[in-house]
Amino acid sequence: MASAGPSRRRSDGRKPHEIRPLTIEIGELDRADGSGRFGFGATSALASCSGPLEVRLNQELPTRATLEISHRPLEGVGATASRALITTLESIYPSALRLSLYPRSLIQIIVQSLSSSSAPTLSTGRYNESPEIYIDTEPETTEKNVWPQPPTQSALAVDKKEKSPNTSYNFSSRAVSINSATLAILDAGSIAMTHLPIAISIASLSDDDGLVVDPSIEEEYNSIARFGFAWSFGKNVSLREDQNQKDSNMDVDEEEDEEMELIWVESEGKFDKEKFSDALELSKIACRQILSEIRAKLGETLECKRLQ
Amino acid sequence: MSSSRIEILNDGGLRHDARRPYELRSTSFQLDTHPTAEGSSTVTQGLTTVQVSVFGPREPKSRSTASHDKAIINVEVGVVPWAQGGGGKRIRGDKRLQEIGASIRQTFEPVIMTHLYPRSEIFINVQVLSADGGILPTAINATTLSLISAGISITDYVCSVSIGLHLTQPLLDLSYIEENDLPNLILASLTNSGKITLAQMETRLHLDRFQEMLELGTEACKVLKDEMDQVVKDNTGRLVERMNVRVGGGGGGMTIDQ
Amino acid sequence: MSTTLVLPGDSISLPSSFKSVVLGPGLAPSSSRLPAPSSDEVPSIISTKLGLMSSAKGKERSEQFWVEGRSKRYIPAQKDMVLGTIIARHAEGYRVDLGSSQMAQLDGLAFEGATKRSKPNLKVGTLVYSRVALANRDMEPEIECIDPNTGKAEGFGELKGGLVVSCSLQLCRHLLNPKFIVLPTLAATIPFEIAVGLNGRVWFKTETVSESIALKRVIEGVDSGDIKPDKGAVDRAVKEYLA
Amino acid sequence: MVREIDPPSIQKEFLLAALAEGKRLDGRIPLEQRKIEFVFGEELGNVECRLGKTAVLAQVTASIVKPRDDRPYEGFLLINSEIGPMASSVYENGRSSDSEILITRLLEKSIRRTEAIDREALCILAGGKVWQLRLTLHFLSDSGNLLDCASLASMMALKHFRKPDVEVIGDEVIIHSPEERAPVPLAMHHTPLCLTFAYFENLSPILDPTHLESTLCSGTLTVTMNAQREICVLSKAGGTPLSVEEIMGVVRVGVDKVRDMVKIMDEALEKDRENRVVEVR
């Protein structure tokens, strides 16, 4: 089993803390006010943002804009998974946007997952050396063995640990949805944002090993613990008084203008506090790296569309 | 339905209900068959019966949809549960009914002079009482008659018929069994100008046969139009008599040419 | 200020050499930790939009700063010249669509020489060039077709014939700027009449249809970045589209 | 959510004047289609099709299910074509508008009822196990003519999709992974493609209307044809009445347009096959 010591390579050749090549594009969709596509390697999502639009009477709020977030899975995966993803987004964006500037209007954010969400299913769908004998099938569990299987690297001899059937999106899909929504709002340009949510997923493959940043579908599936972090970047975004109160182990290192606040954490699996704080640190570095890549790519895009 | 294959056309040239290929099913057109509607009509073609009642032009329920310079046409299509004969394959799902409703609405939008009734709504309720194939054509014929009986001004009769193709022999006015087995084309045309307002075809058909079916369909629509026209004239004739309008001396009066 | 890219949340350091600083769209004091009113510390300014930092000399040595971003959705602002479509007509005026979240009110009397009895009679669907008289976030915007201080129409009012093109708000701002060379270059080859609305709509009228189509394609080309906003590229595009 | 607001009336006047001169607003001639582009996804059967600025994503997945009792040999093809607000804020998640119903029904007719996919070939074990194909369509941007773009995306996704090779011994079914045996393409009888024409009062019809043109047109006619000169579906619902010759004229134009589109699709498939190792994943 490729253990993930700091120097050891992972199954797809990446270093443990290395992120897959990013896809960052804005402004693809013609009819939406803003659109953004974000991807970690093969896992990607496309988001569109429109607003402020005319709102229907029953949804109208007098003091702020109504924020309507919807998600469409790639293939008809259970509504619960996409409902959970919507709740995650609904917990992040109202604080990032200045909704009070646009009362009695509607802001629509739609996220479309572009990579299949179903992790490799646990039962006979697993390919290992001998062809799997395949006997019974119940028609209604069509989700169980769905082809095409997500890209599974060479078969890993997996000891049959008890795995819960996958009912929710893996963490890298959630992270990709958050980042694509952020790009879409940036591209729309019609909604004031105070800070930028950037997300990353981290997994720990086994007890004694370290953590891997931006796990692939395969790694995430075999991991014993999985985390999703979203940091928000922006000046004065963190609410703590900055001068005196230096919290010892959670020190917010004081760059000159960059401040970051943790706005979303979700995790599955067993881990101890020490592993969690390692993951937290790793996610901070990773999100900062993603932000700088986004800044570079957006700079390029705006440069070629400059009018002066 | 997968009983022994029913012969579509036997060697004597007759269809399964003993009709000639170009023979329409027996039709009966009745006007004013609904107690409260402004205009209504019940049309039976063969075993398919459709009752259409027209309410309007009236105050639209939701002000927002009303358009400032023309009437809005709303169509609702309903099927009574026993229309398809007991537990048989019911007309599946409301998507199909919604599609029929949308087709009727789009067919009659250019025909009804909606600019004469601004900011109003014309509500067309289509009820399929018994279904033996050709629901849409019968519904279109019934809608034309009910609009006439409601006194809503339309530019021309819209008559509709379904055409099938058995190998190379076109068939007119298909019944349910023929509709399932043959490629069928539903055609609605403005009979005076002979132009086609609606054409819907679902199954595969070679390009060369298509023109022949189109021409045949417009002919059939003209025949249907004459029959419907006759019914309207008789109905109006009776009304005029009952109102005993004296036919004025000289040429001034109302003459009804047979 | 060199044209640097700013992301929402970036703090902006303003050169405090000027008496007064005017914050344009896209900049705002970060509200999360305003300094206590007593302390003279200036609240830190952050950007709330993606775009390039821009600045210009204002009146009496004041300096204007704003973020020049791209966006398609218009938010009504006072004194903006806009192109609207009349969607409804009622007793005392018209409701006009500007492409923003709320429909604008156009009073029947807000026209040159309009009196209670002689009001202009505009049909639904008419295109109107007007000026935003009143716009704030809690009320429906109001527009008028006269210049308040001269009382003249100054080109406002109904626009007949011609064609409307939608493009980004940024391009509309630049089209209104005389130093932007796209329109003068076009005018050299195609004579046209034009009205630029800051709500992302441009109306123009030319003699022939193909000239209008060429104009439309050039404007959309510049907007999407396919045609560079310089004399050579625009001329080449016009020739190609007119051929 | 927001009711579609009609463009100013001068737009229609200009459009009609331009069409009278045989010119369209984006420089195309009346019977010219916009540029077709295909972007293939990571997995087989995932294709995004762009027709000008209109974009539709199609995804095919397969699963094994028990067939219907009265049709033990037939597999299933489910089509999910719900238009979400991403295409344009006019479409809402729950309610389906008229145009959405028309598109869903026409796709259903063009792909399923014309037996584009040989459903008997989807049978693994008669009465026991058959393949169920699920074609999900995502409408990304509606810049006019979603139907043609969706039908192109669907057919390309079905041609691009490969299902695992299956071996039946007695009543045991063996699924071979892509590593062992090359996945098998779907058996397809023909390639039906939709072509939508828009009509304006008494002007000649235009092919592949943009969003503005379809809002201002007085009627549309959609014909689905395949390369074998067969008409699979024809739908002219209302709008300006047409004579028989006009309809036949349009259908003849459709025949060779479909042949060009099939050629474009095959070239795109060929290009993708080269830089994608199909056999060993």
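Throughout, read-outs are computed from the coordinates displayed, never taken from laboratory work. Computed from a predicted structure; not experimentally measured. Reconstructed Cβ throughout: ideal geometry from the backbone, glycine too, with neighbour counts over all protein chains shown.
General observations
- Cross-link partners for A:Lys235 among the lysines, with Cα-Cα distance under 17 Å and sequence neighbours closer than 8 places in the same chain left out: A:Lys284, C:Lys49.
- Inter-centroid distance (Cα atoms) of segment D:1-65 relative to segment A:8-69, Å: 23 Å
- Highest mean packing first, where packing is the average number of other Cβ atoms within 10 Å per residue, the peptides B:25-36, D:75-86 line up as D:75-86, B:25-36.
- Centroid-to-centroid separation of segment C:164-205 and segment A:219-235 [C-alpha atoms, Å]: 48 Å
- Three semi-axes describe the equivalent ellipsoid of segment D:1-128; taken as square roots of 5 times the Cα gyration tensor eigenvalues and ordered largest first, they are 39, 18, 15 Å.
- Taken along its principal axes, the alpha carbon cloud of segment C:111-243 reaches lengths of 52, 33, 26 Å, longest axis first.
- HN-Hα J in Hz across segment B:226-231 - Karplus 6.51, -1.76, 1.60, θ = phi - 60°, x for Gly and Pro: 4, 4, 5, 4, 4, 4
- Taking other C-beta atoms within 10 angstrom as a stand-in for reagent exposure, C:Val218, D:Val244, C:Val21 fall in the order C:Val21, D:Val244, C:Val218, fewest first.
- J(HN,Hα) series, segment C:48-63, from Karplus relation 6.51 cos²θ - 1.76 cosθ + 1.60, nearest Hz, glycine and proline x: 10, 9, 7, x, 9, 5, 10, 9, 8, 6, x, 6, 6, 6, 8, 10
- Calculated log₁₀ intensity ratio I(q)/I(0) where the Debye formula runs over C-alpha points of segment D:88-143, q = 0.24, 0.26 Å⁻¹: -1.04, -1.13
- Counting, for every residue in C:121-132, the Cβ atoms of other protein chains within 10 Å of its Cβ and taking the mean gives 2.
- Taking amide H as placed 1.01 Å from N in the peptide plane, C:Ser44 has its amide H under 5 Å from the amide H of C:Ser30, each at least 5 places away in sequence or on another chain.
- Here segment A:1-112 is treated as a Stokes sphere of Kirkwood radius computed over C-alpha pairs; at 10 °C and 1.306 mPa s its diffusion coefficient rounds to 95 µm²/s.
- Sorting the Cα pairs of segment B:27-246 by distance into bins of 10 Å, from 0 upward, gives 8, 33, 36, 19, 5, 0 percent per bin.
- 31 Å Cα-Cα threshold exceeded, pairs from C:Lys216/D:Lys257; B:Lys70/C:Lys116; A:Lys305/D:Lys263; B:Lys95/C:Lys123; B:Lys233/D:Lys109: A:Lys305/D:Lys263; B:Lys95/C:Lys123; B:Lys233/D:Lys109
- Couplings for segment D:145-154, taken from phi via the Karplus curve 6.51 cos²θ - 1.76 cosθ + 1.60 with θ = phi - 60°, read 6, 5, 5, 4, 5, 5, 5, 4, 4, 5 Hz in order; Gly and Pro are left as x.
- Packing-based order for C:109-118, D:262-271, using average beta carbon neighbours within 10 Å, highest first: D:262-271, C:109-118
- Calculated over the protein assembly as shown, the projected area of the Cα convex hull averaged across directions stands at 52.9 nm².
- Computed with the Debye formula from one identical point scatterer per Cα of segment D:104-241, without solvent, the log10 of I(q)/I(0) at q = 0.14, 0.19 Å⁻¹ comes to -0.74, -1.11.
- Restraint check, B:Lys225/D:Lys236; C:Lys179/D:Lys23; C:Lys239/D:Lys23; D:Lys23/D:Lys236, Cα-Cα greater than 28 Å: C:Lys179/D:Lys23
- Against chain D, whose longest principal axis is taken from its Cα atoms, helix D:244-274 shows a tilt of about 50°.
- Test item: B:203-214 mean partner chain Cβ contacts at 10 Å: 6
- Kirkwood hydrodynamic radius of segment C:81-159, Cα pairs, Å: 12.4 Å
- Shielding score for D:187-194, defined as the mean number of other chain Cβ atoms within 10 Å: 0
- Taking amide H atoms as placed 1.01 Å from N in the peptide plane, the amide H of A:Tyr102 lies under 5 Å from those of A:Ala65, each 5 or more residues away in sequence or on another chain.
- Cβ-based exposure ranking for C:Cys172, D:Cys232, A:Cys304, in which fewest neighbours within 10 Å come first: A:Cys304, C:Cys172, D:Cys232
- Shape category assigned to segment C:190-243 from the gyration tensor of Cα positions, a/c cut at 1.5: oblate
- For chain D, convex hull volume per residue from C-alpha positions, Å³: 138 Å³
- Angle of helix B:93-108 to the longest C-alpha principal axis of chain B, folded into 0 to 90 degrees and rounded to 10: 50°.
- Rg/Rh (Cα only; Kirkwood hydrodynamic radius) as it applies to chain C: 1.02
- Rounded tilt (10° steps) of D:9-20 against the dominant C-alpha axis of chain D: 80 degrees
- For segment B:6-115, alpha-carbon Rg over 2.2 N^0.38 Å: 1.41
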